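**Q** Mind looking over this structure? Questions follow.
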Amino acid sequence: MDVLVCVKRVPAVGAEILLTADGTAIDTRHLGFTIGPHEECAVEEAVRIAERTGGSAGVLTVGPPETEEQLRYALSMGADHAVRVDTPETDPDPEATAAAVTGALGELPPYDLVLFGEASADAGHAQVGFRVACALRRPVVGGVKGIDLDGDRVLLRRESPEGVEVHEAPLPAVAAVLEGLNLPRYPTIKGRLRAKKAPIRVLDGPGATGGLRTLRLRHRPEARARTVVLGHGAAAAPAVVDVLAELGIVP
Amino acid sequence: MTPFPDRAQVVVIGAGIVGNSVVHHLARLGWRDILLVDKGPLPDPGGSTGHASNFVFPVDHSREITQLTADSSRQYAELGTLTTCGGIEVARTPERVQELHRRMSSAHAWGIDAELITPAEVAEKVPFLDPTVVLRGFWTPSVAVVDPLRAGELMRERATAAGALTVSAMTEVLAVDTDDGRVTRVRTDRGDVDTEYVVVACGVWSPRIAALAGATIPLTPAVHQMIDVGPIAELAATGREIAFPIVRDMDPLMYERQSGADLEIGSYAHRPILCEPDDIPSLAAAALSPTQLPFTPDDFDPQMEAALELFHPVLDRPDAGIRHAINGLLSLTPDGHPLLGETPEVRGLWSAAAVWIKEGPGVGRLIAEWMTEGAPEIDAAASDIARFAPHERTRHHVRARACEGFNKTYGITHPREQWSSDRGVRRSPFHEREVALGAEFFEVAGWERPQWYASNAPLVAELGVPDRPHEWDARWWSPIIDAEHLAMRRSAAMIDLSAFSQFDVRGPGALAYVQHLTVAQMDRPVGRVIYTPVLAPDGGFRSDLTVVRLGDRHFRVVTGGSDGARDLAWFTRHLPRDGSVTLTDVTSAVCTLGLWGPRARDVLAAITDEDVSDAAFPFATARTITIGSIPVLALRLSYVGELGWELHAPTECGLRLWDAVAEAGAPHGLVPAGIGVYGTTARMEKGYRLVGHELDAEHGPVEAGLALPGLKSQDFVGKAAYTKAREGEPEATLCTLTLDPGDPAGHPRFPQGGEPVLTPDGARITDRRGRPSFVTSAGAGPSLGTYLLMAYLPPWHAVEGTGLLVEYLGERYPVTVARAGRTPLFDPDDTRMR
């Protein structure tokens, strides 16, 4: 079975996220880049399916040449081929990204299953997988935390407040997966060395831009801790006991 | 939270291993009201201490670094934070095998147990390594892993328990105030604190903090890549952080060590990746920590291949994944040495920067001793932050040399090896003539100095100078040096000495000031040239130099180029605060041409109208003469043992001076000669001592054979110790040894300096104070027809005619003590120069 995973190059940020001077982007001058945790799980799942079924695990991204770093990371985890859809923008909007992926899927050999991360680790639009599935008129399930293959059908599991939903879909299908689907492996040294030398197929992007524009990024207002004086001296004791009871620290 | 003090005896900035060690030792030495601040949290504030590999290899070619490492190991062990695991440096190439032999020499010189072992023995100690890629191993049983964060905690605890220390984490230093060039106050986001002492122990951030006070700490943050690969069953099975010896795979410039279930692989092979101190992310903005930058895998790929070659039995497994990978930051300096001591720009502002984990506690003790007693026990000359010329403190220079030096971390560096980056910064006015003569330039303090001249190549055959058959012996050397030497002794030579550092001392307090800093009597008639040691408070050498009395209230200090910056800092620090003395650095204003040899007087007489006869211009005097239209300060003295002068002229007149001397000298057979003659061959034949080689802080004038006949009544720095040393017997005597004839290696070999001197049965030699005997200088004595070595020997070996051994690159060579003390082997009565 042939699986394709779509990944996005995103900055690996610390606790505090610095913005560029114009406030429209994350300041990445001193940051490294990665793929998000959902996508790492998607790559792991694809590699496992390929190993199990004797198929292939491909990885695709959309962006300029530097995004190949993330393709090579996926290759070092065990993906066996990689495709970059060339676009000048580092962060095209979901519509443009979906158009690029859809166009590429038209050019590439057919895949039985196309996996996305539930949402990118930076913008978090959670749109591309659904847009691609719609464009290709394929079934799609989001929030997937379990994938089982059953002949020409796939069972996709997702958690909901009510319990576990299991969706059955005919192949070819699309799924957006969540972290926790599996425990992704670390790349091996051999894997890294293989990935470094692996060819990457580059396709021209459609050149279309989407309708979404980033105007400005803002930091969330700092959550301020509120100080409540419970009382003074021994008189404060009952109030302290109440709080501890409320927190479940004392019965 | 502890209240923030408004006054401290000393503020130490940075709570990594260095800052913690400094506060611990300051407290031990009696300092109180010590304030330790760090911008980050404790116990790991986010600097390099928190991510270092934490291993300690004790053997280094540098004695100073070896001593700091040994002291640090003792301290880590005493704190219970050291785990001995042993370590092996492996060689994959014959060149590295030779270097391992050199390592053995250093191990013997510094008294560290080590041995060379076979590939099979390497594999016995590290069973998961492929011995077929290894030629030899250098096994050091005392290699250890330390826990610097825990050690730092314990040191803080001790200083706090002594009531000496206040610790303030999460405290950012905003400003360091100064008044009249002295530290007065540190301003932080928790409050301001008045203090007269600040120690900058901020690792990669040190340049930023020093700049707040107007000083420079010339280092650059640079990346050192590390990855952790695991889990590896054999390692996990030990249940320990480290159970196997650490391997330094020297040829690909890497190391591998166990870290729990993982194998940690570090590299000094990748391209130099520098970072600006201002660009280091904050703790909050960093993905891991400020000094663990994002890994750049492309830079590390070749090292992965090298690691696979040696460790494929465990690394080539599907479950051994790269679990951690960082571009860790460390500090690089222009010459690879730490930056220690009071900054030359700001009094009271001390630097304890560019220090590796293996040296941290030793540096803490050294800095504390230096601050307390005025001099540390370990000679810190090579690490003294005052050692840099102004251009060497610039960002451009630091980055250029850091880039060049990074890949030398595990490199094979010849003792005479020259830097190739940022050359040609300081050129004497003779430079274009020297280039035309095919000068081979060596650098000192940025000055380009001819080491020898290709134009003298025909002299090699003419004078029958032998070559050196072994490449290592002949590297950065030419037989032309010996030929220039013989030509000088035969007729005369002119030598470019413009790299000399020169200071003018003037004012009503000038005499008292120079008296205070020197051992020799300075109250001599105007026109006298006075050679003098300059001592540290404990009586060890700081430098030796020449002082010329140019007037009642005017002295000229002439000192070597390599140590000029330290001397300038020392003289500047001791200036009286009442303004009665002015000190002017005239180095750039004056060029110097040495003219020496039996025909030197003939040459000089031909170009000056003044009487330069011995009667009119005796030895050890100075006079202003004119050469053509150039006013020249001529000093009649010699470091090469020949009649002659140093000719000091205005820099802009230098070319005219050069041409006048060259033209007048031609009929007399005068040749240009390089520093190879001045600094090595002629100097050593005359038994003259050189700062940084024979003259160091661990030895005083008595042991160096430079005690003066009389003791002046005036007080001077180091006088008490010097007086005491004069009254007792020296524990060591500086000797000149000759290499015995006969070639144990089958062809002549030439030790280069730094080698251990051993007894005839191969035992290490130390004096009663534990100081080892090793070769301080080595060089040919062409006029003596022998090869010369200098070394301090304890009294029972410092006997002329005694036979000893010198270990050089795996062989032991018989040597003989030819001279104990300072009487020269060549022209012992100094008849030629007097």
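Every read-out reported here was derived from the displayed coordinates using simple, explicitly stated rules and does not represent laboratory data. Every value quoted in this text rests on a predicted model; they were computed, and no experiment measured them. Note: ideal-geometry Cβ built from the backbone for every residue, glycine included; neighbour counts use all protein chains shown.
**Q** With a/c under 1.5 counting as rounded, go ahead and sort region A:28-161 into rounded, prolate or oblate using the C-alpha gyration tensor (a ≥ b ≥ c being the square roots of the eigenvalues; past the cut-off, prolate if a/b is larger than b/c, else oblate).
**A** rounded
**Q** I've got another one for you. Could you compute the net charge surrounding B:Ile265? Neighbours are other residues with a C-beta less than 11 Å from the C-beta of B:Ile265; K and R count +1, D and E count -1.
**A** -4
**Q** Helix B:654-665 sits at what angle to the longest principal axis of chain B, using alpha carbons and giving 0 to 90 degrees rounded to 10?
**A** 50
**Q** A follow-up question, please. Within the set of other residues whose C-beta is less than 12 Å from the C-beta of A:Asp27, count the net charge using Lys and Arg as +1 and Asp and Glu as -1.
**A** Local net charge: -2.
**Q** Let me ask something else about it. Positive end of the charge dipole of region A:2-204 (Lys, Arg +1 and Asp, Glu -1 on Cβ, about the Cα centre): tell me which of A:Tyr111, A:Ile189, A:Phe130 has its Cα farthest that way.
**A** Value computed over the given set: A:Ile189.
**Q** Go through B:Ala380, B:Thr394, B:Gly348 and say which Cα lies farthest out towards the positive end of the charge dipole of region B:340-405; charges sit on Cβ, +1 for Lys and Arg, -1 for Asp and Glu.
**A** Comparing the listed Cα positions along the dipole, B:Thr394 ranks first.
**Q** Right, something else. Please state the shape class of region B:729-834: rounded when a/c is under 1.5, otherwise prolate if a/b exceeds b/c and oblate if not, all from the C-alpha gyration tensor.
**A** It comes out oblate by the Cα gyration axes.
**Q** Now, a different point. Treating the angle as unsigned and between 0 and 90°, give the value, to the nearest 10°, between the Cα long axis of helix B:395-406 and the longest Cα principal axis of chain B.
**A** Taking the Cα atoms of chain B, the angle to B:395-406 is about 70 degrees.
**Q** Can you give me the angle between helix B:564-573 and the longest principal axis of chain B, using Cα atoms only, in degrees from 0 to 90, rounded to the nearest 10?
**A** The answer is roughly 80 degrees.
**Q** If you don't mind, there's one more thing I want to ask. Starting with the highest mean, order B:754-764, B:18-28, B:104-114 by the number of other Cβ atoms within 10 Å, averaged over the residues of each peptide.
**A** B:18-28, B:104-114, B:754-764
**Q** Taking each residue of B:278-287 in turn, how many C-beta atoms of other protein chains fall within 10 Å of its C-beta, and what is the average?
**A** Taking all residues of B:278-287 together, the mean is 5.
**Q** Ok, one more. Can you grab the distance from the C-alpha centre of region B:277-336 to the C-alpha centre of region B:560-634, Å, no decimals?
**A** 54
**Q** While we're here: State the antiparallel share, in %, of DSSP beta bridges confined to the protein assembly as shown, rounding to the nearest 5.
**A** 75
**Q** Work out the mean other chain Cβ neighbour count within 10 Å for the residues of A:189-197 and drop it here as an integer.
**A** Per residue, the average neighbour count from other chains is 6.
**Q** Could you tell me the center-to-center distance, by alpha carbons, between region B:681-726 and region B:747-773 in angstrom?
**A** After rounding, the separation between the Cα centres reads 22 Å.
**Q** Enter the mean number of other protein chain beta carbons within 10 Å of the beta carbon of each residue in B:290-297, as an integer.
**A** For peptide B:290-297, the averaged partner shielding equals 3.
**Q** Calculate the FRET efficiency for A:His219 and B:Glu172 from the Cβ-Cβ distance with a Förster distance of 22 Å, rounded to the nearest 0.05.
**A** Given R0 = 22 Å and the Cβ-Cβ separation, E is 0.60.
**Q** Same structure, new question: Where in region B:409-483 are there trypsin sites (Lys or Arg not before Pro) that are in a DSSP coil and have at most 15 other Cβ atoms within 10 angstrom of their Cβ?
**A** B:Arg416, B:Arg423, B:Arg475
**Q** Right, next: Computed FRET efficiency, Cβ-Cβ of A:Glu16 and A:Glu168, R0 56 Å: what is it to the nearest 0.05?
**A** That pair, A:Glu16 with A:Glu168, gives E of 0.80.
**Q** Can you tell me what share of the DSSP beta bridges in region A:2-204 is antiparallel? A percent to the nearest 5 is fine.
**A** About 40 percent, rounded to the nearest 5.
**Q** What aspartates and glutamates could a cross-link reach from B:Lys724, if we take a straight Cα to Cα line under 17 Å and drop same-chain neighbours fewer than 8 places away?
**A** B:Lys724 reaches B:Asp538, B:Glu698, B:Glu703, B:Asp715.
**Q** Separate question: Among the GluC sites (Glu not before Pro) in region A:165-249, which ones are in a DSSP loop with at most 12 other Cβ atoms within 10 Å of the Cβ? Mind listing them?
**A** Those that pass, being in a loop and sparsely packed, are A:Glu222.
**Q** Moving on to the next point. Please give the calculated 222 nm ellipticity per residue for chain B, where each DSSP H segment of at least 4 residues contributes -39500 (n - 2.57) and the sum is spread over every residue; nearest 500 deg cm²/dmol?
**A** So the calculated ellipticity at 222 nm is -7000 deg cm²/dmol.
**Q** Okay, next question. Dipole size in debye (nearest 20) for the protein assembly as shown around its Cα centre, Lys and Arg Cβ +1, Asp and Glu Cβ -1?
**A** Dipole about the Cα centre, nearest 20: 1640 debye.
**Q** Right, next: To the nearest 20 debye, what charge dipole does region A:2-204 have about its Cα centre, counting +1 at the Cβ of each Lys and Arg and -1 at the Cβ of each Asp and Glu?
**A** With only Lys, Arg, Asp and Glu charged at Cβ, the dipole is about 740 debye.
**Q** Excluding same-chain residues fewer than 8 positions from B:Lys358, which lysines have a Cα within less than 25 Å of its Cα?
**A** Straight-distance partners of B:Lys358: B:Lys39, B:Lys125, B:Lys408.
**Q** With a cut-off of at most 14 other beta carbons within 10 Å, and DSSP calling the residue loop, which GluC sites (Glu not before Pro) in region B:400-476 qualify? Please list them.
**A** Answer by residue number: B:Glu417.
**Q** Specify whether the C-alpha gyration tensor of the protein assembly as shown places it in the rounded, prolate or oblate class, a ≥ b ≥ c being the square roots of the eigenvalues: rounded for a/c under 1.5, otherwise prolate if a/b is larger than b/c and oblate if not.
**A** prolate
**Q** For B:Val145, B:Val526, B:Val204, what ranking results if the residue with the fewest other Cβ atoms within 10 Å of its Cβ goes first?
**A** B:Val526, B:Val145, B:Val204
**Q** For region A:121-187 and region B:54-91, what is the separation of their Cα centres, given in Å?
**A** Centre-to-centre distance over Cα atoms comes out at 55 Å.
**Q** Longest segment of chain A with no trypsin sites (Lys or Arg not before Pro) in a DSSP loop having at most 16 other Cβ atoms within 10 Å?
**A** A:30-136
**Q** Using +1 on the beta carbon of Lys and Arg, -1 on that of Asp and Glu, and nothing else charged, what's the dipole of region B:716-834 about the Cα centre, debye to 20?
**A** 500
**Q** Could you check the spin-label model distance between B:Ala589 and B:Ala666? Points 7 Å from the Cα along Cα→Cβ, value in nm.
**A** Modelled inter-label distance: 3.4 nm.
**Q** Among B:Asp189, A:Asp122, which comes first, then next, by fewest other beta-carbon atoms within 10 Å?
**A** The most exposed by this proxy come first: B:Asp189, A:Asp122.
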